[in-house]
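Read through the structure below, which is laid out as C-alpha cells, and then see the notes.
Just so it is clear, none of the values below were taken in a lab; they were calculated from the coordinates. The shown structure was predicted, so the numbers you read here are calculated from the model rather than taken from an experiment. Cβ: placed from backbone, ideal geometry, glycine included. Neighbour counts: every protein chain shown.
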Amino acid sequence: MNEPGSLLKRSCVFSWLAESDMDLMARQATTRQYAKNETVIFYGDVWPYLLLIESGSVDAVKESGEGRSLMVNTFLAGDLFWGLAFFQEDALMPVTLEAREASRLHLWSRETMEPILARNGRAGWELCRLMAGRMQRASDILEGLAFQPVAKRLARLLLDHFEQAGDAAISRRLTLDEMAARIGSTREMVCRALYGFSDKKLIEVTRAEFVLTDRKGLAQLVARA
C-alpha cells in the first residue's frame, strides 16, 4: 500500500473505513510538499479540503485587524485538519495555515470524501468526535484570552513545553514573537512576564535556553484563580 494508505490505517478516523474505501482514498490523495514557513492556505479563502499530515507540522494562525497574530494550534504528523468549506459550501477559512517546517501533506476534496463518509458511519462519527475536541480547545483558548492574565497564559505555555521536552531546560527556539502569538499578547508583554518569572526564581533565562527552577511555583501561578 502507498504512503497515504499506511497513514490512513493508523488514523483514529479513517482506520474505520471499509478496505475498499481506504484503498480509494489512498489512490485519490493529492500529495504536496511545503517548505518551512510556506503558506498552505490563506485566511478568508474558500478551501473545501481535508488534509492529513505525513511529516512536518502546520500552524493555524489567526490575524487581527491590527496585525497581531494568535497561533491557534500546531498540527503534527498524523493529524487531520479541514477547511470550513469541506462541510459548508463556500465557507471561508477562519485561519491561515503555514508549514512550521518542511512538511508533506495529503489532501482530499469534499467531492471525493462526501460519498466515502456517507458509506462509513463509524468513520464519520469519529470525525465528529475529533471536531468536538477541537471546539473544546477553541473554547479553552477563548476563555484564557478573555479571563486569564498574560503571566498565567505564559506560565501554562512554558509548563507545556517543559513537559513535552521531558526536561528542566528548553531551548529558546520558541521566539518572543512566537510565544506572543500562542498566548494572544505582544512580545513586550511576554518579555516583561519572562523576566518577572526570573525575578521570582521560577525560571532562569539564559541566551540559549529557559531553565525551570521552580516547577511547583510556576504550576501554582497557572492554577491561581
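Things worth noting here:
- Estimated 222 nm signal from helices in the chain, with DSSP H stretches of n ≥ 4 weighted -39500 (n - 2.57), rounded to 500: -14000 deg cm²/dmol
- Close amide H pairs (under 5 Å, H built 1.01 Å from N) link D45 with M93, residues at least 5 positions away or on another chain.
- Förster-model FRET efficiency, 41 Å R0, A18 and L174, C-beta, rounded to 0.05: 0.45
- Three-way shape label, segment 101-165, alpha-carbon gyration tensor, a/c 1.5: prolate
- Segment 1-110: trypsin sites (Lys or Arg not before Pro) in DSSP loop, at most 13 other beta carbons within 10 Å: K36, R68
- Taking amide hydrogens as placed 1.01 Å from N in the peptide plane, the amide H of G78 sits under 5 Å from those of I53, E54, each at least 5 positions away in sequence or on another chain.
- Amide H contacts under 5 Å for V40, placed H, 5+ residues apart: L97, E98, A99
- For W16, W125, W108, order by how many other beta-carbon atoms lie within 10 Å, fewest first: W125, W16, W108
- In a DSSP loop and with at most 16 other Cβ atoms within 10 Å, the trypsin sites (Lys or Arg not before Pro) in segment 186-219 are K200, K201, R207.
- At an R0 of 41 angstrom, the distance between the Cβ atoms of K201 and N37 translates into a FRET efficiency of 0.70.
- Of interest is the spacing of the C-alpha centroids, which for segment 1-80 and segment 82-143 amounts to 9 Å.
- Computed FRET value (nearest 0.05) for D167 with A118, which takes r as the C-beta separation and R₀ as 35 Å: 0.15
- q = 0.09 Å⁻¹: log10 I(q)/I(0) that the Debye formula gives for the chain, counting C-alpha atoms only: -0.44
- About the Cα centre, charge dipole magnitude for segment 3-146 (Lys/Arg +1, Asp/Glu -1 at Cβ), debye: 320 debye
- A simple count of charges around D79, restricted to other residues whose Cβ falls under 15 Å of its Cβ and scoring Lys, Arg +1 and Asp, Glu -1, yields +1.
- Placing dummy labels 7 Å off each Cα toward the beta-carbon, the span from M131 to L145 is 2.2 nm.
- Convex hull volume per residue for segment 149-223, taking Cα atoms only, in Å³: 78 Å³
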